[in-house]
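Inspection log for the structure reproduced underneath, given as structure tokens.
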Amino acid sequence: MATFKLSLNVFVQGAPIQADALSHARRALQKIGMETRSRWAELIEQSPSIPREQKADYVQSLTVENTGPLQVSVYSDWKYAYEIENGRPSRDLKRMLDTSMKVRVSTSKKNAGKRYLTIPFRHSTASMPGSVRSAVKMLKKSDVVGMGARQSGTGAWDIKTKAPALVPQRKYRWGDKLPAGLALKQAPHHKTDLYVGMVRMNTSAGKAKSSAYLTFRTMMEGSADWITKPVPGVFHVPQLAKDIEPMARQLLQSAVRLPAGV
């Protein structure tokens, strides 16, 4: 959780203090909290480093809370806040091969004995290039026609059945698949474009007709792929604390002082 707390010791010298200084100070602290939240939200909205689809959730998570008689906290407990603020190191996604019961073991000559997972990726039509969007809507739909079970590639045994552990397995009736070349490769080193092999899954329920557009990629043990790049943090919180402190100090001092001549 990314938490921002501003703690100030305010000394008012050479001026009398109002009798109800504590109530004035509490109101001032609430103003400081709201102003801090507003500035933090503005930094999020203006940041080119934060994905657009994450900004709304991040801003909505910003919370102003009175955490003591004379203390206000502004914080986010959103699951991605810490990584956005402080950065994310490189990660090898293939570590999930060590924990997923759904792994399979390859029997191909090239990768015999290696564990792998088939990873589905869902795509929205709004994010597709026009050529892909037009083509994918013409695909014959694929369907899930049943459920079965297969042996887990982990080698684990079921303690109840005293037999190799089984995992659920869908049975498909495949329709058409999207060919390569309808979109540009996202990077020169990519083997193909993002949409090759896309299927149109039938997700209709009753009279409501709908489709989901999926591609599938293989995560193979020992592959040099599936390693995320490190992402630097935006470090908004330290700068925000530095910027807000002079305003907060002035507001608190004004709140507890008596007006001149009183």
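The values are calculated or read from the model by the stated rules, or taken from the named source; none is laboratory data. Everything quoted here is computed from the prediction, not taken from an experiment. No Cβ is skipped: glycine too gets one built from the backbone with ideal geometry, and neighbour counts run over all protein chains shown. Quick note on the areas: whole protein, heavy atoms, side chains included, nothing else; ligands and nucleic acids left out. Shrake-Rupley method; radii C 1.70, N 1.55, O 1.52, S 1.80 Å.
Counting 0.36 nm for each residue step from ILE159 to ASN111 and taking away their Cα separation leaves a gain of 14.3 nm. Estimated from helical segments only, the mean residue ellipticity of the chain at 222 nm is -8500 deg cm²/dmol, where each DSSP H run of four or more residues counts as -39500 (n - 2.57). Once the other residues with Cβ under 14 Å from the Cβ of ALA112 are scored (Lys, Arg +1; Asp, Glu -1), what is the net sum? The answer is +4. The local environment of HIS190, defined by Cβ-Cβ distances under 12 Å, has a net charge of +1 under the rule Lys, Arg +1 and Asp, Glu -1.
Taking only the C-alpha atoms of segment 91-228, Rg followed by Dmax gives 17.6, 53 Å.
The label point for LYS185 and the one for ASP77, both projected 7 Å from the Cα toward the Cβ, are 4.7 nm apart. Take GLU53: with every protein chain present and a 1.4 Å probe, its accessible area is about 140 Å². Extending 7 Å from Cα along the Cβ direction at SER49 and again at LEU70 yields two label points whose distance is 3.6 nm. Only the Cβ atoms of Lys and Arg (+1) and of Asp and Glu (-1) were treated as charged; on that basis the dipole of the chain about its Cα centre amounts to roughly 1780 debye. With a cut-off of 11 Å between beta carbons, the residues surrounding TRP40 carry a summed charge of -3, where Lys and Arg count +1 and Asp and Glu -1.
With the full set of protein chains in place, find how many percent of the accessible area of the chain is carbon and sulfur; take the probe as 1.4 Å. Heavy-atom surface of the chain belonging to carbon and sulfur, 1.4 Å probe: 54 percent.
Over segment 91-228, what is the mean sequence separation of C-alpha contacts under 8 Å (at least six apart), divided by residue count, expressed as relative contact order in percent? Walk me through the numbers on the way to the answer.
On the way: 249 pairs, mean separation 42.9, N = 138.
It comes to 31 percent, rounded to a whole number.
Once divided by 2.2 N^0.38 Å, the Cα radius of gyration of segment 179-234 becomes 1.61. Per residue, the accessible area of segment 31-179 comes to 66 Å², computed with a 1.4 Å probe over protein heavy atoms only. Ordered by solvent-accessible area of protein heavy atoms (1.4 Å probe), largest first, the residues ARG122, ARG26 come out as ARG122, ARG26. Among the listed options [x] 6, 18, 20, 20, 14, 10, 7, 4, 1, 0; [y] 6, 23, 29, 21, 14, 6, 1, 0; [z] 7, 28, 30, 14, 5, 5, 5, 4, 1, 0, 0, the one matching P(r) over Cα pairs in 10 Å bins from 0, in percent as calculated from these coordinates is [x].
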